[in-house]
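> Starting off with a structure, shown below.
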Amino acid sequence: MKFLAARRRQPVVALAMLLFALVTVGGLYAAAATVRPAEAAGAASSETQVEMGKQLYLEGCSSCHSLQAQGSANGPTLIGVGAAAVDFQVSTGRMPLAAPGVQSVAGPPQFNEEQTAALAAYVASLAPGPAIPSAEQVDFASADVAEGGVLFRVNCQQCHQAAGQGGALTQGKYAPSLMGATPTQMYEAMITGPESMPVFSDATLPEEDKKAIMAYVDYLQNASDPGGLSLGRLGPVTEGLFLWTAVFGALIAVAVWIGIKAR
Amino acid sequence: MSTTNPAAASPAAASPIEAAGGGVATYVDQRVGSNKFLGRNLGKVFPDHWSFMLGEIALYSFLVVLLSGVYLTLFFKPSMVEVIYNGSYVPLKGIEMSEAYASTLDISFDVRGGLLIRQMHHWAALIFVAAIAVHMFRVFFTGAFRKPREFNWILGVGLATLALAAGFSGYSLPDDLLSGTGLQIARGIVQSIPIVGTWGAFLLFGGEFPGTDFISRLYGIHILLVPGLILALVTVHLMLVWTQKHTQFPGPGRTNNNVVGYPLMPVYMAKAGGFFFIVFGICTLIAGLVTINPIWLFGPYTPDQVSAGSQPDWYIGWLDGALRIMPNLESYLFGYTISWNILIPAVIMPGIVFTALALYPFLEAWVTGDKREHHLLDRPRNTPTRTGIGVMAITFYGLLWIGGGNDIIATSFNLTINSITWFLRITIFVLPPIAFVVTKRICLALQRRDRDKLLHGYETGRVLRLPHGEFIEVHETINYKEMAVITSKSDIAPLPAPVKVDADGVANRKYRIQSLRAKLSNFFYADNITKPTTAEIEAAQHHIDHDAALEAPLHAYEDADEIRNAHGGVLHHPGMANTNAEQLAGRTDH
């Protein structure tokens, strides 16, 4: 301890203590925050999927969407939105809404797959609406990536950005990044039009075109960057930031080094 | 011309290599007369400071741009002819696009080393413009633009403008979606110019946008006209530096009439040569490691598409920002639409900025009435108004810059684009004046500190208790280097207010302009903290000597004790304190 005691007044100690305190507090908070309220997991297997969905609905959704899903001042009606909308909103963690805001924010899903399916089944039982796409509908293996690129640039990039990184809309709304979207979620978003997104029905965008777009987004998600570090694929803003911080930091450091008078 | 060869005159003394070198030098000299020129210039002295190398970064990155650009011209096809892409980048295979875009894809994916060279070209171009900007900061804040260097400042402003033109024309060449979007905005700006705008745009683009001519026209501008002009101006710029000699920071022995530093050969040959390779190396390293302008992600340009987050390169960002935050104003006059929303931010504002930038040296010289030659640089604190104006301009630019990236900033920091816009609309008028006042006050405070150092020396941290109980802190004179730097300050008195009617009752015809000049001069210099006079500094030295005299007995005690231990015959044990000072230090340890 004498070693530590002798060094306790060094300037670096204050910094180290501050870092230690920040890491500790931050770590404890993160640990506490990840403990979510107990999930309603123990649904009896004897109940039908719809009944289980209804139960989950009453617990998790009815405070805003009302007891009969007819909607309220706090949330729209869910009658007729279909299973696809429920699956999209719940599986991306947008619903149940974490906090009121200009738009729902994606996050870790609050219901597991079985519960999500039950909720979707319940809402679908209220009135017909777009169904969750089948495995065949989201199988884009045979789709043309280049064609998908053209369709993506025509229909998607004005909000989601050319590389699918997302973009700003008005009043704090935004088009999210597509980098974490699954093919099913993309398909559901296209047919249900969540938030500010328009609906791309089969009349405007046939299934083949949807598959092509999914193939292109899948390419964007998995493509390596031939030019090296991607800088978030955000274009000139991050390039400029990198230039003025890293590159100019290095250049000026070298200039200072060369400018130091030889002793 | 001398016909005797110094190397040949004493062949025995020279090594074989020196003899050979001398032989070559003589051979060349007898044909081009280079020895006299080199002898005169190789010993030229340059002052040493890191900030004098910022312009070198610009020069070297420009060389990288030129070299990499030559390579790119071998493969780039400046044509807007539609072709079907059939290269190795699969997600664009079979897509119709212009030959310019297709050849840029080929450079990126099918030409050996093409992507590396393309990225080098682009990164080095960004470095080039940025280096010009920081070089300009250095010249501005140190007053290096003052007489006799006003013309070189204007050349510099011209080079900066040309650098923007070079950058923007290059950004627009690949005909990808991002560059086309930029061009469409540029066309809109041309169109916004009253009366001639529409015709000007038709003339430039050869008809409707995008047309089929523009890429090839821009190509000529980008690879011939602009670089040619830059090379010419750089040559004159450097020749002027050579003949006018480089400015230097104040220091011991440095005056307005000398240059203190090292000779070009060998010191600056080594330093500058080495720096060239480092800049080249950094360009290559970044180009190899970090993506820039991934045109394959943007796709070919078609006028009906635009991507979210479309931005120009950093140096055009401030103009884009000005466009983005400008409220939507239009008027209709005599059947013409005047788009103030484009005209003000994209034509009038940059016009004012660049004119003010170019004319600043003349404006300051007129205001201050200073006609002397200046080879010794100002410390920024000693010209608080100029420094304040500079920081004000940088703040203005920085706010517009934020505007240029408003959508990326909004999504990255969970803000709304509307509040960023309103924040900027207000702060663009509020923050620059605040930045001016704060900077000026900081400069004046630093001047006070300097004055204090001259009049009271620096605080040593040694506190002395005098026999009658008073405590004083011992001050000591600052060292000669700091003294030389601080005393280099030259105070300029503000111009006196002119008289309206002189003693003979004759009205002063130039009263108004002289009055304005006097007011501006006051604005520049009235708050200045005057440098102490020589008499004041001498008086201060007496005060400092007085401190030293008070402390002297203590030193005498320490020193005397040492002498006693050494010569007084007392047996000195190992580890025993040698002096009173040591003994005292030992006591506090236990």
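> Can you tell me, using C-alpha contacts under 8 Å and at least 6 residues apart, the relative contact order of chain B as a whole percent?
Numbers: 718 pairs, mean separation 85.5, N = 590.
About 14 percent, as a whole number.
> By how many degrees, 0 to 90 and rounded to 10, does the Cα axis of helix B:534-567 deviate from the longest principal axis of chain B?
The angle comes out near 60 degrees.
> Placing +1 on the Cβ of each Lys and Arg and -1 on the Cβ of each Asp and Glu in the protein assembly as shown, which of B:Val236, B:Gly469, A:Gly172 has its Cα farthest towards the positive end of the resulting dipole?
With unit charges placed on the Cβ atoms, the residue in question is B:Gly469.
> Here's something else I'd like to know. So if the hydrodynamic radius of the stretch B:241-303 is defined as the Kirkwood radius over C-alpha pairs, what does Stokes-Einstein give as its diffusion coefficient at 37 °C and 0.692 mPa s, in µm² per second? Let's see the in-between values first.
Working: Rh = 16.2 Å.
Once the numbers are plugged in, D ends up at 202 µm²/s.
> Continuing with this model, one more query. Sorted by mean Cβ packing within 10 Å, highest first, what order do the peptides A:6-17, B:63-74, B:543-554, B:389-400 take? Please list the in-between numbers first.
Numbers: A:6-17: 9.7, B:63-74: 17.4, B:543-554: 13.6, B:389-400: 19.7.
Most protected by this proxy first, the peptides run B:389-400, B:63-74, B:543-554, A:6-17.
> Among A:Val254, A:Gln103, A:Gln185, whose Cα sits farthest toward the positive end of the charge dipole of the protein assembly as shown (+1 at Cβ of Lys/Arg, -1 at Cβ of Asp/Glu, about the Cα centre)?
Selected residue: A:Val254.
> For B:Lys245, give me every one of the aspartates and glutamates with a C-alpha distance below 16 angstrom, ignoring sequence neighbours fewer than eight places off in its own chain.
Reachable aspartates and glutamates: B:Asp48, B:Glu56, B:Glu150, B:Glu373.
> While we're on this one: So if I take the centroid of the Cα atoms in the stretch B:127-186 and the same for the stretch B:278-307, what is the distance between those two points in Å?
With the stretch B:127-186 and the stretch B:278-307 each reduced to a Cα centre, they are spaced 20 Å.
> So, one more: Return the loop-located GluC sites (Glu not before Pro) in the stretch A:42-138 (DSSP other than H, G, I, E, B) with at most 11 other Cβ atoms within 10 Å of their own Cβ; answer none if there are none.
Working: sites: A:Glu47, A:Glu51, A:Glu59, A:Glu113, A:Glu114, A:Glu136; in loops: A:Glu47, A:Glu136.
Qualifying residues, ordered by number: A:Glu136.
> Okay, next question. Going toward the positive end of the dipole of the stretch A:145-222, with +1 on Lys and Arg Cβ and -1 on Asp and Glu Cβ, which of A:Pro194, A:His160, A:Ala146 do you reach last?
Result: A:His160, furthest along the dipole toward the positive end.
> Further question: Counting Lys and Arg as +1 and Asp and Glu as -1, each charge on the Cβ, what is the dipole of chain B about the Cα centre in debye, to the nearest 20? Don't skip to the end; give the middle numbers.
Numbers: 43 positive and 45 negative charges, 312 e Å.
In total the dipole reaches around 1500 debye.
> Run the numbers on the stretch A:135-215 and let me know its relative contact order in percent, using alpha-carbon pairs under 8 Å that are six or more apart.
Answer for the stretch A:135-215 is 41 percent.
> Follow-up. How far is helix B:114-141 tilted, in degrees, relative to the longest principal axis of the Cα atoms in chain B, given as a value from 0 to 90 rounded to the nearest 10?
For B:114-141 against chain B, the angle is about 50 degrees.
> Can you compute the charge dipole magnitude of the stretch B:56-304 about its Cα centre, using +1 on each Lys and Arg Cβ and -1 on each Asp and Glu Cβ, nothing else charged? Give it in debye, rounded to the nearest 20. Numbers along the way, then the final one.
Values: 13 positive and 12 negative charges, 270 e Å.
Taking the Cα centre of the stretch B:56-304 as origin, the dipole is about 1300 debye.
> Using the crude model of +1 on Lys and Arg Cβ and -1 on Asp and Glu Cβ, and no other charge, please compute the dipole size for the protein assembly as shown relative to its Cα centre, in debye to 20.
Numbers: 57 positive and 65 negative charges, 733 e Å.
Dipole size: approximately 3520 debye.
> Next question, about the same structure. Treating cross-link reach as a plain straight distance, find the aspartates and glutamates whose alpha-carbon is under 13 Å from the alpha-carbon of A:Lys211, omitting any fewer than eight places away in the same chain.
Once the sequence-local aspartates and glutamates are set aside, what remains near A:Lys211 is A:Glu136, A:Asp139, A:Asp144, A:Glu147, A:Glu188, A:Asp202.
> Something else now. Mean residue ellipticity at 222 nm from the helices of chain B, using -39,500 (n - 2.57) per DSSP H segment of n ≥ 4 over the full residue count, to the nearest 500 deg cm²/dmol?
Calculated at 222 nm, the ellipticity per residue is -20000 deg cm²/dmol.
> At what distance in nm do the modelled label points of B:Leu203 and B:Thr427 sit from each other, each positioned 7 Å from its Cα along Cα→Cβ?
The two pseudo-label positions are separated by 4.0 nm.
> Okay, next question. Please compute the length gained on full extension between B:Thr255 and B:Ser515, using 0.36 nm multiplied by the number of residues separating them and subtracting their Cα-Cα distance. Intermediate values should be presented prior to the final figure.
Working: separation 260, 0.36 × 260 = 93.60 nm, distance 3.38 nm.
Additional length available on full extension: 90.2 nm.
> Compute the acute angle (0 to 90°) between the alpha-carbon long axis of helix A:183-192 and the principal axis of greatest extent of the alpha-carbon atoms of chain A; round to the nearest 10°.
Its long axis makes an angle of about 60 degrees.
> Taking the alpha-carbon distance from B:Lys440 and a cut-off under 27 Å, which lysines remain once sequence neighbours fewer than 8 residues away in the same chain are dropped?
Filter leaves B:Lys147, B:Lys371, B:Lys453, B:Lys481, B:Lys489, B:Lys519, B:Lys531.
> Along the principal axes of its C-alpha atoms, what lengths does the stretch A:125-188 span, in descending order and rounded to whole Å?
Principal-axis extents of the Cα atoms in the stretch A:125-188, largest first: 35, 34, 20 Å.
> Now, a different point. If the viscosity is 0.890 mPa s and the temperature 25 °C, what Stokes-Einstein diffusion coefficient in µm²/s follows for the stretch A:145-222 when Rh is the Kirkwood radius over Cα pairs? It would help to have the intermediate numbers written out before the result.
Working: Rh = 12.4 Å.
It comes out at roughly 198 µm²/s.
> So, one more: Percent relative contact order of the stretch A:49-126, based on C-alpha pairs within less than 8 angstrom and at least six residues apart? Intermediate values should be presented prior to the final figure.
Numbers: 111 pairs, mean separation 32.0, N = 78.
Once normalised by length, the contact order is 41 percent.
> Quick one: work out Rg over Rh on the C-alpha atoms of the protein assembly as shown, Rh as Kirkwood radius.
On the way: Rg = 35.9 Å, Rh = 33.7 Å.
Here the Rg-to-Rh quotient is 1.07.
> Considering only DSSP beta bridges with both partners in the protein assembly as shown, what is the antiparallel share in %, to the nearest 5? Could the numbers behind the result be given before it?
Working: 18 of 20 bridges.
The answer is about 90 percent antiparallel.
Here, each number is a calculation from the coordinates, and none is a lab measurement. Only a predicted model underlies this, so the values are computations on that prediction, with no experimental measurement involved. Neighbour counts are summed over all protein chains in view; Cβ atoms, including those assigned to glycine, are modelled from backbone coordinates with ideal geometry.
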